[in-house]
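Single-structure report; data block below.
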Amino acid sequence: MIDKKKVVIDCDPGIDDCFALMLCIKHLDVKGIVAVGGNTGLKYTERNARYMTELTGRPDIPVYAGYDMPMLNKLVRATEVHGSGGLGTVAIEEPKKQLEKQHGVDYLIDTFMNHDDISLITLGPLTNVAQAILKEPQLKTRIPEILCMGGAAFCGNTTPAAEFNIYVDPEAAKIVFESGIPIRMVGLNVTRQNHMTFEDVKTLKAMGNPVADFAAEILSFTAGQDGRTGLCDACAVSWMVDDHIITKSAKVHVDVETKGEFTRGMTLCDWREYMGKDPKMDIAHEKQYDKSDLVPNVDVALEFDEKRFREVLFGTIASYGE
Ligand code: BDR
Ligand code: CA
């Protein structure tokens with residue numbers, strides 16, 4: 001049997017976070033889940049995380065609560081996208097599974113100070129991770145890597161410049177992106193390459209297992225808004241689940257804008273090295289004028305195999321019925 005990759009997941013479920021958890025719980029060795037306030041309040045995100053462990057048959061996975069509010073920013077939620085309880089119109093019972101007593105930030109610190117082989121996945125605002133780094137700065141050399149759904153290589157969603165997870169807590173994102181911890185970033189430029197629609201709701205309904213039924217319900221809420229959804233967090237974790245879904249990435253320097261009047265929360269990617277150089281990587285088809293002296297700190301995902309992602313996602317959800 002192949003050893004599964006060990007991960008801790010910090011998330012704010014959230015509809016697409018739930019899909020990401022379905023993938024991670026099946027394919028990865030999930031050591032713990034930490035909830036953060038983001039899409040909705042912490043009292044719902046931690047409850048939804050606990051619910052997902054029960055639904056997927058893994059109530060043994062510990063769930064911790066971290067911070068509800070961003071470090072400095074005004075409070076921003078995405079309840080119009082995820083519903084006030086974070087699961088669209090699906091009303092769930094309070095799970096039997098209990099929340100761990102330890103604070104999520106202390107769990108992050110203990111875990112990464114005592115283990116060398118666990119990766120961190122972040123699917124929400126980076127508040128907990130930044131607070132953990134501030135409380136225990138040695139984490140900068142203890143966390144081997146962060147796979148982050150957040151940011152955008154080119155264009156935001158909450159604002160023209162900023163993606164939601166970064167926009168909610170730009171100061172936290174800045175601390176994490178400047179920490180020196182290797183980061184793989186899956187931003188909106190990739191998740192916009194995925195298209196989930198009502199057709200997919202029908203496919204899920206036909207599977208006839210409780211995970212698929214729940215997936216169909218929450219997908220129908222989010223797909224109903226624009227006729228399609230990218231399921232951002234599920235796209236992001238696919239980079240850990242299957243090496244062949246993200247088909248192109250580039251290591252560049254990424255700064256988080258915290259001051260801009262119009263650009264606060266933007267992930268500013270330094271693409272100067274990728275212009276007019278290598279036709280395979282040339283993102284702008286322009287002559288290169290400047291050579292960057294900024295050190296790359298992020299591996300930014302660029303291209304995505306939608307067909308393969310869909311096969312993995314649907315195959316995984318169907319397998320919950322076996
Ligand atoms: C991100 O924001 C949240 O609404 C989603 O759960 C995802 O993590 C997409 O911008
Ligand atoms: Ca999320």
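Of all the residues in region 19-72, those that are touching a Lys or Arg at 6+ places or on another chain (Cβ under 6 Å) and among the acidic types (Asp, Glu) number 2. Among the residues of region 178-202, those that are within 16 Å of ligand 1 (Cβ to nearest atom) and under 30 Å from Pro137 (Cα atoms) comprise Ile183, Arg184, Met185, Val186, Gly187, Leu188.
Every read-out reported here was derived from the displayed coordinates using simple, explicitly stated rules and does not represent laboratory data. Quick caveat, the model's predicted, so the values are computed rather than measured. Using ideal geometry, Cβ is built from the backbone for each residue, glycine included, and neighbour counts are taken over all protein chains shown.
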